[in-house]
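Undergrad: One structure, as structure tokens, below. Some questions next.
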Amino acid sequence: MTVQDPPAPVSRAISNASLAQRAYRIRRHALLMGEVQGQGYIAQALGIADVLAVSYFHAMTYRADDPEWEGRDRFLLSIGHYAIALYAALIEAAIIPEEEIPTYGADDSRLPMSGMAAYTPGMEITGGSLGQGLPIAIGVALGLRRKSLGSFVYTLFSDGELDEGATWEAAMSASTHRLANLIGIVDVNNMQADGPSTGIMAFEPLGPKFEAFGWFVQRVDGNDLDALTTAFDRARHHDWPGPRIVICDTKMGRGVPFLEARERNHFLNVGPEEWSQALEVLDAARPL
Amino acid sequence: MRDKYRRPDLSQSGAARLRTSAMIASIADAQDETRQAPFGEALVKLAAERPEVVGMTADLAKYTDLHVFAKAYPDRFYQMGMAEQLLMGAAAGLAREGFIPFATTYAVFASRRAYDFIAMAIAEENLNVKIACALPGLTTGYGPSHQATEDLAIFRGMPNLTIIDPCDALEIEQAVPAMADHAGPVYMRLLRGKVPVVLDRYDYRFEIGRAKRLVDGSDVLFISSGLMTMRVLKAAERLATDRISAAVLHVPTIKPLDEATIVAEAGKPGRLVVVAENHSIVGGLGEAVAGVLMRNGIAARFRQIALPDAFLDAGALPTLHDRYGLSVDAVMTTVKAWL
Ligand SMILES: Cc1ncc(C[n+]2csc(CCOP(=O)(O)OP(=O)(O)O)c2C)c(N)n1
Ligand SMILES: [Mg+2]
């Protein structure tokens with residue numbers, strides 16, 4: 001499927017200027033949580049903040065005071081280790097109170113290091129055993145259709161998860177079942193546990209792969225809010241009768257240059273004094 | 001039941017909260033002597049003598065100490081990506097061609113995701129694949145996705161598979177060449193990173209299939225494997241100061257089980273038999289020993305220290321070891337209550 005002009009999207013009141021503020025605040029919440037543990041998947045959180053800002057403050061429909069409202073769009077976080085990023089978005093969306101930031105990863109917290117459905121309001125699935133998000137999304141999309149709900153299921157997965165066979169089983173299944181209510185989001189940050197993803201598994205060219213599997217494919221700079229809003233609008237409104245995917249090329253550590261520059265950044269150790277430096281750098285570039 | 005809609009009490013001071021330290025929590029106590037990456041180092045040593053040894057991983061070289069091997073022998077290292085089923089299938093293929101692959105991932109992913117590939121591509125043909133898996137039982141506070149609380153239960157049911165659960169760095173170093181010498185598939189529960197050295201204080205050598213008594217005693221017989229041997233050795237020392245005499249039988253090979261030694265030790269009258277394992281109470285060493293005792297007509301007083309049949313909490317590892325009864329303190333309390 002080649003990308004065509006979408007039908008005019010339903011216009012939303014939120015401007016990209018305020019999306020930039022949302023993204024900035026998501027990054028800020030994530031840094032504050034990272035500081036509690038002194039380490040973690042902070043580079044991923046900074047990299048995916050723009051995608052989450054567009055998901056939660058442009059694309060998705062939900063009720064902050066009723067996270068299980070039947071009519072909501074579902075957001076499945078396949079990558080459990082990105083929980084810190086999603087918590088930050090859920091805090092910004094007022095689904096989780098900001099006061100809980102200091103409990104991140106602590107004993108008996110509602111914000112464990114890996115995302116789990118039983119712990120956290122707004123966390124739809126238990127991720128962490130990677131490669132399960134897209135298969136689960138197939139079932140959720142089928143279920144939404146059976147119930148005649150117009151909701152979308154968004155599922156965020158990683159370039160590392162492209163290694164798992166189950167991802168591609170689901171990719172074929174999605175077009176078999178013509179799941180037009182399924183929006184996949186892949187974070188291509190070119191990193192996984194042992195190093196740069198493209199050196200670990202030859203998953204490129206990725207767009208043509210999904211196209212060949214029957215998906216409506218868009219590939220965007222995942223740190224460009226304009227590109228993301230356009231892509232999410234198209235994903236939602238395009239008349240393609242099957243699943244849609246937004247491939248997002250992101251920069252790990254985005255917004256904090258000295259963290260962007262770290263090479264092995266799958267699991268970052270950040271020095272005690274570096275957290276305040278990171279916040280300063282982020283705040284200095286704060287959008288107006 | 002956990003209630004995610006109940007807000008936490010935020011009044012306690014932040015200092016009281018423990019850090020999770022995620023994946024890389026060490027099982028060593030502060031005063032323990034440790035060695036770095038014993039598995040990786042031992043594999044490098046073995047590879048010098050055995051050209052047929054190769055290393056493979058599913059995007060976890062760094063977290064299973066296989067990076068040491070990858071660095072020493074880059075052309076004998078295969079990065080299979082985060083694809084555990086592929087890892088096991090490809091390991092079977094290399095073994096068919098005469099190589100001895102050491103394949104690494106986390107215990108949860110080998111046991112839960114790749115089981116069928118290990119069963120049919122590897123074990124059914126008795127192929128020479130050595131599977132070494134980090135994070136066995138409860139060795140991370142990261143939550144159920146990474147806590148392999150039932151890996152022994154899963155793998156004990158697999159014919160042809162030898163299962164070992166080493167206690168310390170020394171035993172891992174001895175197990176690596178023993179795995180290569182053994183004809184057939186082996187699953188090893190791997191302790192990684194800074195691994196304590198404990199067994200040097202005993203006259204001990206690892207042999208596949210052999211249980212060995214490390215300490216003798218008259219009131220309690222601990223039967224243990226893996227890191228729980230470390231814990232019960234410490235508990236036995238401390239119990240001695242309370243005039244409780246505890247023996248420790250270390251059973252590093254879970255399958256095949258050294259039935260003769262277990263029967264001989266547990267058959268001695270007058271001791272409380274306590275099987276201690278870093279595993280669910282379902283289907284691990286405890287139930288395996290219970291079966292041996294029943295089949296041999298030994299009616300010892302029998303207790304299990306094991307993880308509950310539940311998906312465990314996330315949190316700091318020391319907190320969880322206390323909560324679920326695996327810490328030395330918890331072992332002491334439990335055993336005293338049984339005496
Ligand atoms: C099935 C499975 N295998 C292995 C792991 C261990 N693991 C945790 S994160 C990770 C890397 C995954 O790649 P990606 O999500 O792209 O990493 P990131 O971008 O966060 O560096 C691996 C292998 C896992 N969680 N699940
Ligand atoms: Mg990645």
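Undergrad: Among the residues of region A:156-190, write down those that are in a helix (DSSP H, G or I), within 16 Å of ligand 2 (Cβ to nearest atom) and not aliphatic (A, V, I, L, M).
TA: Within region A:156-190, A:Gly160, A:Glu161, A:Asp163, A:Thr167 qualify.
Undergrad: Scanning for something at pLDDT 90 or above and either closer than 16 Å to B:Arg192 by Cβ or under 21 Å from the mean Cα position of the chain (by Cα) (or both), does region B:70-83 turn up at least one residue? Outline the logic, then answer.
TA: So in region B:70-83, the residues at pLDDT 90 or above come out as B:70-83.
If we keep only those that are either closer than 16 Å to B:Arg192 by Cβ or under 21 Å from the mean Cα position of the chain (by Cα) (or both) too, we end up with B:70-71.
There is at least one residue in region B:70-83 that is at pLDDT 90 or above and either closer than 16 Å to B:Arg192 by Cβ or under 21 Å from the mean Cα position of the chain (by Cα) (or both).
Undergrad: Among residues belonging to region A:130-146 that are more than 19 Å from A:Ala235 (Cα to Cα) and touching an Asp or Glu at 6+ places or on another chain (Cβ under 8 Å), point out the one that is surrounded by the fewest Cβ atoms within 10 Å (Cβ to Cβ). Give the steps one after another, and end with the answer.
TA: Step one: of region A:130-146, the residues more than 19 Å from A:Ala235 (Cα to Cα) are A:130-132, A:135-136, A:139, A:143, A:146.
Okay, now just the ones that are also touching an Asp or Glu at 6+ places or on another chain (Cβ under 8 Å), so A:130-131, A:135.
Details: A:Leu130: 26, A:Gly131: 28, A:Pro135: 18.
Going through the qualifying residues, I end up with A:Pro135.
Undergrad: Given the criterion closer than 24 Å to B:Thr140 by Cα, facing chain B (nearest Cβ under 9 Å) and assigned to a helix (DSSP H, G or I), identify the matching residue among A:Pro121, A:Pro112, A:Pro102. So that I can check it myself, show each step before the final result.
TA: Details: A:Pro121 fails: assigned to a helix (DSSP H, G or I); A:Pro112 fails: assigned to a helix (DSSP H, G or I).
Unique residue meeting the criteria: A:Pro102.
Matching residues to (1) open to solvent by less than 60 Å² (accessible area, probe 1.4 Å); (2) at pLDDT 95 or above; (3) of a type in the set (Lys, Arg):
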{"position": "A:Gly150", "(1), (2), (3)": "no, yes, no"}
{"position": "A:Leu156", "(1), (2), (3)": "yes, yes, no"}
{"position": "A:Trp168", "(1), (2), (3)": "yes, yes, no"}
{"position": "A:Leu182", "(1), (2), (3)": "yes, yes, no"}
{"position": "A:Ala212", "(1), (2), (3)": "no, yes, no"}
{"position": "A:Arg219", "(1), (2), (3)": "no, yes, yes"}
{"position": "A:Thr229", "(1), (2), (3)": "yes, yes, no"}
{"position": "A:His237", "(1), (2), (3)": "yes, yes, no"}
{"position": "A:Ile245", "(1), (2), (3)": "yes, yes, no"}
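Undergrad: Take region A:161-188 and flag every residue that is touching a Gly at 6+ places or on another chain (Cβ under 7 Å), within 14 Å of chain B (Cβ to nearest Cβ) and over 18 Å from A:Arg219 (Cβ atoms).
TA: Once the filter is applied, which keeps residues that are touching a Gly at 6+ places or on another chain (Cβ under 7 Å), within 14 Å of chain B (Cβ to nearest Cβ) and over 18 Å from A:Arg219 (Cβ atoms), region A:161-188 yields A:Asp163, A:Glu164, A:Ala166.
Undergrad: To continue, here is another question. Counting only residues that are open to solvent by 20 Å² or more (accessible area, probe 1.4 Å) and within 14 Å of A:Arg74 (Cβ to Cβ), which one in region A:115-124 is nearest to ligand 1 (Cβ to nearest atom)?
TA: Within region A:115-124, the first condition is being open to solvent by 20 Å² or more (accessible area, probe 1.4 Å), and the residues that meet it are A:117-118, A:124.
So of that shortlist, the ones also within 14 Å of A:Arg74 (Cβ to Cβ) come out as A:117, A:124.
Values: A:Ala117: 16, A:Glu124: 18 Å.
That would be A:Ala117.
Undergrad: Let me ask another. Residue by residue through region B:311-339, note down the ones that are open to solvent by less than 50 Å² (accessible area, probe 1.4 Å) and within 14 Å of chain A (Cβ to nearest Cβ).
TA: Taking region B:311-339 first, the residues open to solvent by less than 50 Å² (accessible area, probe 1.4 Å) are B:312-317, B:319-321, B:324-328, B:330-332, B:334-335.
Matches in region B:311-339: B:Leu312, B:Asp313, B:Ala314, B:Gly315, B:Ala316, B:Leu317, B:Thr319, B:Leu320, B:His321, B:Tyr324.
Undergrad: A further question follows. Can you tell me which residue in region B:81-112 is farthest from B:Met56 (Cα to Cα), limited to those that are within 16 Å of ligand 2 (Cβ to nearest atom) and among the small types (Gly, Ala, Ser)?
TA: Here the residue is B:Ala83.
Undergrad: Right, A:Ile91: open to solvent by 10 Å² or more (accessible area, probe 1.4 Å), outside any helix (DSSP H, G or I) and either within 14 Å of chain B (Cβ to nearest Cβ) or of a type in the set (Asp, Glu) (or both) or not? Explain how you work it out, then say what you get.
TA: Working: open to solvent by 10 Å² or more (accessible area, probe 1.4 Å): yes; outside any helix (DSSP H, G or I): no; either within 14 Å of chain B (Cβ to nearest Cβ) or of a type in the set (Asp, Glu) (or both): yes.
No; evaluated as a whole, the condition is false for this residue.
Undergrad: Would you mind stating whether B:Ala58 is more than 13 Å from B:Leu190 (Cβ to Cβ) and more than 16 Å from ligand 1 (Cβ to nearest atom)?
TA: Values: more than 13 Å from B:Leu190 (Cβ to Cβ): yes; more than 16 Å from ligand 1 (Cβ to nearest atom): no.
For B:Ala58, the condition - more than 13 Å from B:Leu190 (Cβ to Cβ) and more than 16 Å from ligand 1 (Cβ to nearest atom) - is not met.
Undergrad: Hey, among A:Leu134, A:Leu149, which residue is away from ligand 1 (no atom under 16 Å from the Cβ) and more than 12 Å from chain B (Cβ to nearest Cβ)?
TA: Working: A:Leu134 fails: away from ligand 1 (no atom under 16 Å from the Cβ).
The unique qualifying residue is A:Leu149.
Undergrad: Now, a different point. Among the numbered criteria (1) open to solvent by less than 10 Å² (accessible area, probe 1.4 Å); (2) under 19 Å from B:His279 (Cα atoms); (3) in contact with a Phe, Trp or Tyr (Cβ under 8 Å, 6 or more places away or on another chain), which one does B:Ala175 miss?
TA: Here B:Ala175 clears every test but (2).
Undergrad: Test A:Val270 against the criterion of being more than 16 Å from ligand 2 (Cβ to nearest atom) and within 14 Å of another protein chain (Cβ to nearest Cβ), and give yes or no. Before the answer, list the steps.
TA: Numbers: more than 16 Å from ligand 2 (Cβ to nearest atom): yes; within 14 Å of another protein chain (Cβ to nearest Cβ): yes.
Yes; evaluated as a whole, the condition is true for this residue.
Undergrad: Looking at the structure I just gave you, is A:Thr198 modelled with pLDDT of 95 or more, farther than 26 Å from B:Met80 by Cβ, open to solvent by 20 Å² or more (accessible area, probe 1.4 Å) and assigned to a helix (DSSP H, G or I)? Lay out the reasoning, then the answer.
TA: Working: modelled with pLDDT of 95 or more: yes; farther than 26 Å from B:Met80 by Cβ: no; open to solvent by 20 Å² or more (accessible area, probe 1.4 Å): yes; assigned to a helix (DSSP H, G or I): yes.
So A:Thr198 fails the test.
Undergrad: Determine whether region B:158-166 contains at least one residue that is under 21 Å from B:Val275 (Cα atoms), in contact (Cβ under 8 Å) with a residue 60 or more places away in the chain and either within 14 Å of chain A (Cβ to nearest Cβ) or within 16 Å of ligand 1 (Cβ to nearest atom) (or both). Quick ask: steps written out before the conclusion?
TA: Taking region B:158-166 and keeping what is under 21 Å from B:Val275 (Cα atoms), we get B:162-166.
This time we only want the ones that are in contact (Cβ under 8 Å) with a residue 60 or more places away in the chain, so: B:162-166.
Within this subset, residues satisfying the condition of being either within 14 Å of chain A (Cβ to nearest Cβ) or within 16 Å of ligand 1 (Cβ to nearest atom) (or both) are none.
No: region B:158-166 contains no residue that is under 21 Å from B:Val275 (Cα atoms), in contact (Cβ under 8 Å) with a residue 60 or more places away in the chain and either within 14 Å of chain A (Cβ to nearest Cβ) or within 16 Å of ligand 1 (Cβ to nearest atom) (or both).
The values are calculated or read from the model by the stated rules, or taken from the named source; none is laboratory data. Everything numeric here is computed off the predicted structure, so don't read it as measured data. Glycine gets a Cβ as well: all are built from the backbone with ideal geometry, and neighbour counts include every protein chain shown. Remember, those area values only see protein heavy atoms, side chains included, never the ligands or the DNA or RNA. Shrake-Rupley method; radii C 1.70, N 1.55, O 1.52, S 1.80 Å.
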